[in-house]
Amino acid sequence: MIGTIRTTSTLQGLMTDRRQAADLSQKLSQAGQEAATGLKSDVYRSLGLRSGETLALRARMDRTDAFLVSNEQLGDKLALTAKVMGNLRDVAQGFLDNAITSRDQSNLSTSVLQANAKAALDQITAQINTSFGGAPLFSGTISSPAALQPFDKVNPRSGLSPRDVLGQVVGAGLTDAADANGKLDQLAAIFASDAAAPAAQRFESTFYNGTPRLAADGSAAARVSARIDENLTLDHGVQANDPAFSEMIRGLTMMASLDASKIADPDAYKAWVGSALDGIGKGIGSMLEAEARIGGQQQQVEQTLGSQRARSDLFRNQVLALEGVDAYEAATRVTQLQTQLEATYAVTSRLSKLSFLNFM
């Protein structure tokens, strides 16, 4: 009986070893990656049917991280808002402290009140026109160039500057108490943007460039708000047409628009200066209340951030439990693959050194 002996050529063996070496090299690279990162190199293949779990966890983690970023920015914005409002109070209070001795009657210091009021008004205007992230801080939902119009600068919407408006109301001056009170009523309507005041003179036409207090239908206009969590929205808008601002600005513009020391009639003087200083004082008080509200909003944002940071850490740990690899196991696999690859290289090296006749 004649039998057949099947043999494998050295060439075929060499090619097989090379393929094995390439396969081992790829596995070693994956194992090295897992050992270095602590994560599976092919997560979805490794998890199989559980891939949906890690996808859902990662989606929730991404949403939470997005809230963390936006809420940290909101916290910075609220902190800046509170700081600016504190500065406004300090400037207004400084003027009020110097002016209080001139409230009821003119004295030696009254002659400098106009210059002091103008300087305080300029400081307050610059502070109110502070921007955050490229948008005015106190303009509401409108990204206007500046929330508040500078005292001597014409507003293109009305063709008037704030000084022009005061000049039109004051006219040649104050003659008596009745004249002063009549002009104070006009200013009250102007700074409330009342429909009774001429359109061009209204606070929201010439003094202020942001979102109006009222919408076109007469309802309260929408304020700036932020969604700080899945089911939580925070209204945090502070606008320069809020009473805290408009009252403070009314008082300062009244004092900056004329030299109170030249008001001859004592009753007219008392009505005008008293109303101006009362407006500044009222604005300071309202500013304190607004700062307290901002403080509460800051606390709410910080509490929300705390829970979101904890939630993000939980999601990360859950993802790691699914996608992670045991460090010892990964290191052991690397060592085993290195040993196998070295052995394969050794065999391949010997085969490659055979003579041509061995490949026949």
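The values are calculated or read from the model by the stated rules, or taken from the named source; none is laboratory data. Worth saying up front: this structure is predicted, and the values here are computed from it rather than measured. Please note: Cβ atoms are built from the backbone with ideal geometry, for glycine as well, and neighbour counts cover all protein chains shown. We work out accessible area using only protein heavy atoms, side chains counted, and drop any ligands, DNA or RNA first. Shrake-Rupley method; radii C 1.70, N 1.55, O 1.52, S 1.80 Å.
If you go through the range 264-285 one residue at a time, how many are farther than 13 Å from R103 by Cβ and either β-branched (V, I, T) or in contact with a Pro (Cβ under 7 Å, 6 or more places away or on another chain) (or both)?
Step one: of the range 264-285, the residues farther than 13 Å from R103 by Cβ are 264-265, 267-268, 282-285.
Adding the requirement that they be either β-branched (V, I, T) or in contact with a Pro (Cβ under 7 Å, 6 or more places away or on another chain) (or both) leaves 284.
Within the range 264-285, residues that are farther than 13 Å from R103 by Cβ and either β-branched (V, I, T) or in contact with a Pro (Cβ under 7 Å, 6 or more places away or on another chain) (or both) number 1.
Being of a type outside the set (D, E, K, R), within 25 Å of G218 (Cα to Cα) and in contact with a strand residue (DSSP E or B) (Cβ under 9 Å, 6 or more places away or on another chain) narrows it down to one of I190, I124, I128, I142, so name that one.
On the way: I190 fails: in contact with a strand residue (DSSP E or B) (Cβ under 9 Å, 6 or more places away or on another chain); I124 fails: within 25 Å of G218 (Cα to Cα); I128 fails: within 25 Å of G218 (Cα to Cα).
Result of the check over I190, I124, I128, I142: I142.
From V69, V91, V84, which residue is within 19 Å of Q308 (Cα to Cα), of a type outside the set (G, A, S) and modelled with pLDDT of 95 or more?
Numbers: V91 fails: within 19 Å of Q308 (Cα to Cα); V84 fails: within 19 Å of Q308 (Cα to Cα).
Only one candidate qualifies: V69.
All but one of (1) touching a strand residue (DSSP E or B) at 6+ places or on another chain (Cβ under 6 Å); (2) more than 22 Å from I294 (Cα to Cα); (3) not β-branched (V, I, T) hold for A178, so report the exception by its number.
Result: A178 passes all but (1).
Taking the range 122-156 as the region of interest, how many residues are over 27 Å from the mean Cα position of the chain (by Cα) and touching a residue at least 60 places away in the same chain (Cβ under 8 Å)? Steps first, please.
Narrowing the range 122-156 to residues over 27 Å from the mean Cα position of the chain (by Cα): 151-156.
Okay, now just the ones that are also touching a residue at least 60 places away in the same chain (Cβ under 8 Å), so 151.
Final tally of qualifying residues: 1.
Can you tell me which condition A199 does not meet? The list is (1) in contact with a Ser or Thr (Cβ under 7 Å, 6 or more places away or on another chain); (2) surrounded by 14 or more Cβ atoms within 10 Å (Cβ to Cβ); (3) in contact (Cβ under 8 Å) with a residue 40 or more places away in the chain, and all the others hold.
Going through the list (1) in contact with a Ser or Thr (Cβ under 7 Å, 6 or more places away or on another chain); (2) surrounded by 14 or more Cβ atoms within 10 Å (Cβ to Cβ); (3) in contact (Cβ under 8 Å) with a residue 40 or more places away in the chain, A199 breaks only (2).
How about the range 212-256: which of its residues are farther than 20 Å from D185 by Cβ, assigned to a loop (DSSP other than H, G, I, E, B) and open to solvent by less than 10 Å² (accessible area, probe 1.4 Å)?
Listed by number, the residues that qualify are Q239, A240.
Taking interchain pairs and intrachain pairs at least six residues apart, which have beta carbon atoms under 6 angstrom, with the first residue in the range 157-176 and within 16 Å of R250 (Cα to Cα) and the second of a type in the set (D, E, K, R) and open to solvent by less than 50 Å² (accessible area, probe 1.4 Å)?
From the range 157-176, the pairs are V169/K183.
Quick one: in the range 258-274, which of the residues that are open to solvent by 30 Å² or more (accessible area, probe 1.4 Å) and in contact with a helix residue (DSSP H, G or I) (Cβ under 6 Å, 6 or more places away or on another chain) is nearest to T125 (Cα to Cα)?
D259
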